[in-house]
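For reference, the structure is listed below as structure tokens.
Since every read-out is calculated from the coordinates, none of them should be taken as a lab result. These figures come from a predicted structure and were not determined experimentally. Heads up, the Cβs are rebuilt from the backbone with ideal geometry, glycines too, and the neighbour counts pull from every protein chain shown.
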Amino acid sequence: MRATRLDEAQLTQRVEELAELLVDTVDGGASIGFLAPLDRSAAVAWWKERAAAVTAGQLAVWAAFDGHRLIGTVSLAFPDKPNSRHRAELVKLMVHRSARGRGLGRTLLAVAEEAAAAAGITLLHLDTETDSPAERLYDSAGWIRAGVIPDYAADPGGELRPTTLYYKRLRTTAPTG
């Protein structure tokens, strides 16, 4: 397995594969902002809309490959306000159902954390569905629960579910100077 940071051209080139991963993730029950069944064309359009943010440096996207097959992704969203440049949000950590249980989620999480630290980010945050498998990953990776918001988002089936907020402080590896 290898993880590669995608630029705008690579994201655009891989948009069909990214859409397939998004559809698979939603169909698998992950609450990542979409309702099931997710139309493939809507998934393609969603990924295409991310390309400009990648070019602008507002979003960093990594894709994980098993050979040539795209099997996972994770992104970091960077705020544009001057008082928040020290932090980023971990978004859309997805692993294809056929690749789960092999540590890929943990690998993608580590890739994003390391890249954030190298970029001088000192604080990461995320939200995830309470009692989801993702919570076990974040808990075991040293993320801190900040709290739970009831009825925050609908799961893929449309049922309102609570969301857990997490954060993690990072040691930067960026040169100081």
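If you put +1 on each Lys and Arg Cβ and -1 on each Asp and Glu Cβ, how big is the dipole of the chain around its Cα centre, in Debye rounded to 20?
Computed charge dipole of the chain: roughly 660 debye.
Could you compute the net charge surrounding Val61? Neighbours are other residues with a C-beta less than 14 Å from the C-beta of Val61; K and R count +1, D and E count -1.
Net local charge, Val61 excluded: 0.
Can you give the net charge of the other residues whose Cβ lies under 10 Å from the Cβ of Val23, counting K and R as +1 and D and E as -1?
Neighbour charge sum, excluding Val23 itself: -3.
Grab the other residues whose beta carbon is less than 12 angstrom from that of Ala43, score K and R as +1, D and E as -1, and report the net.
It works out to a net charge of -3.
Evaluate the relative contact order of the chain (contact order divided by residue number), counting alpha-carbon pairs under 8 angstrom at least 6 apart; express in whole percent.
Computed value for the chain: 22 percent relative contact order.
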